[in-house]
Amino acid sequence: MAEVQQAVLILDFGSQVTQLIARRVREAGVYCEIVPFNKGTEAIARLRPKAIILSGGPASVIAGAAPSAPDEVFRLGVPVLGICYGQQTMVAQLGGKVENASTREFGRAFIDVAEPNDLFDGVWTPGQRAQVWMSHGDRVIDLPRGFRVIARTEDAPFAAIADLDRAFYGVQFHPEVVHTPDGAKLIANFLHRVAGLRGDWTMSAFRARALAAIRSQVGKGRVICGVSGGVDSSVAAVLVHEAIGDQINCVFVDTGLLRANEAEQVVSLFRGSYNIPLVHRDASNLFLTALEGVTDPEQKRKIIGSTFIDVFEEEAGKIGGADFLAQGTLYPDVIESVSVLGGPSATIKSHHNVGGLPERMNMALVEPLRELFKDEVRELGRELGLPDTMVGRHPFPGPGLAIRVPGEITREKLDILRKADAIYIDEIRRAGLYDSIWQAFAVLLPVRTVGVMGDERSYDYALALRAVTSTDGMTADYYPFDHGFLARTANRIVNEVRGVNRVVYDVTSKPPGTIEWE
C-alpha cells in the first residue's frame, strides 16, 4: 500500500482488547497499525509513526524477562501513550518503579482528576470524579523524572501520569473499552491535541491509495479472484476491477453449502450489475461426496479448504496466465495470524490464506483490504457503490453451512437448514432488525426429538437459532429478541419446514473468535 503520511503505531503486549485501541484510533480519522512489541523496531523504520501507543498485556513488569518497548520509542521525539501494562513498562524503562499491588483493581473504578492537561481537555476537569475500567495486578509507585500525576484512585495513586515536555502519557485504566465512557474522547485528544494529527484518514482517501497500490503491484499482469458472495470477497473484487478492469477474472465455486438462492445472487451481481468476468462452477456433488461420513468440525474445514483449492486451481488453469490471486483478507485476520510472543503462526483460521499460498499455485497475493476492519470494508463497499443488500450482509464463513450442521452432513439436512434459515432471516428483515444484528443463522442440531403435531407423533430434528451483536466480529453478545418474535419465527419454521419439530434460541455470549457454532 502507498505510504501513509500520518500514522500511529500500536505496540501490542498481548492485551485481549488491543484491537479496540485501533478501532478508536480509526474512528478518530487517523491511520494506525498494530504490531507485536518485539517487531517494534522494524515497524518504526517502515511506518515512521507520528505517535505511538503501548497496549496493555498479561505480563508483569517486575517478573523476569518482562516484555518491553524498543528504546527508540522514547527517543523518537513523538508523543507516546501507555495503557495499563504499557504505562508500567514505560515507567520502568524510564527509571520509575512498579510493584505488585496489595489491592488489585478489576472492573469499574473511579478516578479523581488532579490537574488540567491536553489528554483530558474538554472531557474531564480538575476535581472531577470519572468512571473508568481497570484491569491490573501491578501498579506504579515511583515516577520517572519529568512525570507528574494527573489522576489517581485510592488504590492506584498514579492512575494517570504525564511528562508534558516530552508528550508522554500513561494511564492505568483502559480508555479503549466502552466501560470507560469517555475513553474514546481521551484517545482522540491524544491523537489531535497532543500529537497534532489531522484526522483525515477517510475511506475516500483509502480508496484512492488502494487503487494506486493495486495498479502499481499488478502492472499489466492478470489477476484471478475467488468470490463467495460475502462482503469481503465482493468488495475486494470490485475494487480490483475498478483498478485494472478486465485484467481480473473471478471464480465462484458453488460448494453446495451455500444459503438459499445465494448462487443466483452472486452471478447476478457480478455479471449483471458490474459486468465483471465470472466463472461459475457448480461443484456441490464433489464437496458433498468428500464430506460424506465426516463429523469432526476441523476435519470438515480442512476437506472443504483443500477441495476448494483443487477446484479453484482447475478453473484458474482453464482461464490461464494468472500472475496474482486477489482475496479479501481483513486486518483482524492479519493480526490474529501473528503471535505476540512468537511471531507468525501457521494460520489462525483454517479457511484463510493469511499464512501464504501453496507454492504450486505460483501466484503472488493481492490483498487490498488487509488494512481494514469489517465495518470499514462495508464503508468502502458503499464508497464503491455496492448495493446495501450486499454491503450489509451478515458474515458467512468459508465452510458455509457445513459448520451449521454439527455431525454428518447430508443433502437432506442441508435442505432442511436452508429452508429454516431463510425463514429466520425473513422474519428478522420483516421486524426491521437485520441491520441491528451482526450475524444471525440457524443450526440443525444432531438431535431428534419426539413431538406431537396435530394428531400424529413426529420424530424430527431440533433446530437452534443464533443472533449476535458485534462491532468487528472479535467479541459478540446474543441479540435480545422479544418472546413474540421468537414464537412467531419458531411457529413458521415448524409449520413450513418438514423435518423440524422443535426450535431453541442460543443466548450464550461468545469470547473472541468463536462467533460461529462449531
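The values are calculated or read from the model by the stated rules, or taken from the named source; none is laboratory data. Treat the numbers as computed from the prediction; the structure is a model and nothing was measured. Cβ atoms come from the backbone with ideal geometry, glycine included; neighbour counts cover every protein chain shown. Only protein heavy atoms, including side chains, enter the accessible area calculation; ligands, DNA and RNA are left aside. Shrake-Rupley method; radii C 1.70, N 1.55, O 1.52, S 1.80 Å.
Check region 471-491 and report whether any residue there is of a type in the set (Lys, Arg), open to solvent by 50 Å² or more (accessible area, probe 1.4 Å) and farther than 30 Å from Pro332 by Cβ.
Yes: one or more hits.
With the condition kept exactly as written, say whether any residue in region 49-60 is more than 25 Å from the chain's Cα centre (by Cα), modelled with pLDDT under 95 and not in a helix (DSSP H, G or I).
Yes, because at least one residue in region 49-60 is more than 25 Å from the chain's Cα centre (by Cα), modelled with pLDDT under 95 and not in a helix (DSSP H, G or I).
When you check Thr89 against the structure, is it among the polar types (S, T, N, Q) and surrounded by fewer than 19 Cβ atoms within 10 Å (Cβ to Cβ), yes or no?
Judged against the criteria, Thr89 is not a match.
So which pairs qualify, if the first residue must be in region 397-418 and in a helix (DSSP H, G or I), the second must be among the polar types (S, T, N, Q), the Cβ gap must be under 7 Å, and the two must be at least 6 apart or on different chains?
Between residues of region 397-418 that are in a helix (DSSP H, G or I) and residues that are among the polar types (S, T, N, Q), the close pairs are Gly400/Thr255.
Does region 383-405 hold any residues that are buried (at least 16 other Cβ atoms within 10 Å of the Cβ) and more than 14 Å from Leu269 (Cα to Cα), and which are they?
Glu383, His394, Phe396, Pro397, Gly398, Pro399, Gly400, Leu401, Ala402, Ile403, Arg404, Val405
For region 80-96, which positions are farther than 17 Å from Pro175 by Cα and outside any helix (DSSP H, G or I)?
Matches in region 80-96: Leu94, Gly95, Gly96.
When the residues of region 138-185 are narrowed to those that are assigned to a loop (DSSP other than H, G, I, E, B) and of a type in the set (Val, Ile, Thr), which ends up surrounded by the most Cβ atoms within 10 Å (Cβ to Cβ)?
The selected residue is Thr180.
Is it the case that Val25 is within 22 Å of Asp118 (Cα to Cα), modelled with pLDDT of 95 or more, in contact with a helix residue (DSSP H, G or I) (Cβ under 7 Å, 6 or more places away or on another chain) and assigned to a helix (DSSP H, G or I)?
yes
Is there a residue being at pLDDT below 95, open to solvent by 30 Å² or more (accessible area, probe 1.4 Å), of a type in the set (A, V, I, L, M, F, W, C) and not in a strand (DSSP E or B) anywhere in region 243-266?
yes
With within 25 Å of the chain's Cα centre (by Cα), at pLDDT 90 or above and not charged (D, E, K, R) as the only criterion, which of Ala167, Ala160, Ala188 stands out?
Result of the check over Ala167, Ala160, Ala188: Ala188.
So that you can scan it fast, the table gives a plain yes or no per residue for (1) within 18 Å of Ile83 (Cα to Cα); (2) of a type in the set (Asp, Glu); (3) in contact (Cβ under 8 Å) with a residue 60 or more places away in the chain; (4) touching a Leu at 6+ places or on another chain (Cβ under 7 Å):
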site: Glu115; (1), (2), (3), (4): no, yes, no, no
site: Pro126; (1), (2), (3), (4): no, no, no, no
site: Val177; (1), (2), (3), (4): yes, no, yes, yes
site: Trp201; (1), (2), (3), (4): no, no, yes, no
site: Arg209; (1), (2), (3), (4): no, no, yes, no
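Right, Val98: farther than 16 Å from Gly137 by Cβ and touching a strand residue (DSSP E or B) at 6+ places or on another chain (Cβ under 8 Å) or not?
Considered against the rule, which asks whether it is farther than 16 Å from Gly137 by Cβ and touching a strand residue (DSSP E or B) at 6+ places or on another chain (Cβ under 8 Å), Val98 comes out as no.
Kindly establish whether Arg498 is within 15 Å of Asp421 (Cα to Cα), among the charged types (D, E, K, R), outside any loop (DSSP other than H, G, I, E, B) and modelled with pLDDT of 85 or more.
Taking the combined requirement at face value, the residue does not satisfy it.
Quick check on Ala188: is it part of a helix (DSSP H, G or I) and farther than 16 Å from Val80 by Cα?
It is false that Ala188 is part of a helix (DSSP H, G or I) and farther than 16 Å from Val80 by Cα.
Given (1) within 30 Å of Tyr424 (Cα to Cα); (2) touching a residue at least 60 places away in the same chain (Cβ under 8 Å); (3) among the hydrophobic types (A, V, I, L, M, F, W, C), identify the lone condition not met by Ala283.
Only one criterion is unmet by Ala283, namely (2).
What's the total number of residues in region 127-161 that are within 10 Å of Gln172 (Cβ to Cβ) and among the small types (Gly, Ala, Ser)?
5
Could you pull out the residue among Ala101, Ala69 that is in a loop (DSSP other than H, G, I, E, B), open to solvent by less than 10 Å² (accessible area, probe 1.4 Å) and out of contact with any Pro (no Cβ under 6 Å at 6 or more places or on another chain)?
Exactly one residue qualifies, and that residue is Ala69.
Looking at region 200-242, which of its residues are part of a strand (DSSP E or B) and either open to solvent by 40 Å² or more (accessible area, probe 1.4 Å) or of a type outside the set (Val, Ile, Thr) (or both)?
Of everything in region 200-242, those that are part of a strand (DSSP E or B) and either open to solvent by 40 Å² or more (accessible area, probe 1.4 Å) or of a type outside the set (Val, Ile, Thr) (or both) turn out to be Cys225, Gly226.
In region 330-381, which residue that is at pLDDT 50 or above, basic (Lys, Arg) and crowded, with 16+ Cβ neighbours inside 10 Å is nearest to Ile244 (Cα to Cα)?
This residue is Arg370.
Pairs, please: C-beta under 9 Å, at least 6 apart or cross-chain, first residue over 21 Å from Gly451 (Cα atoms) and open to solvent by 50 Å² or more (accessible area, probe 1.4 Å) and in region 498-509, second of a type in the set (Gly, Ala, Ser) and assigned to a strand (DSSP E or B)?
The qualifying pairs are Ser509/Ala476.
Against the condition without any contact (Cβ under 8 Å) to a residue 40 or more places away in the chain and open to solvent by 30 Å² or more (accessible area, probe 1.4 Å), how does Ala43 come out, does it pass?
Against the criterion (without any contact (Cβ under 8 Å) to a residue 40 or more places away in the chain and open to solvent by 30 Å² or more (accessible area, probe 1.4 Å)), Ala43 does not qualify.
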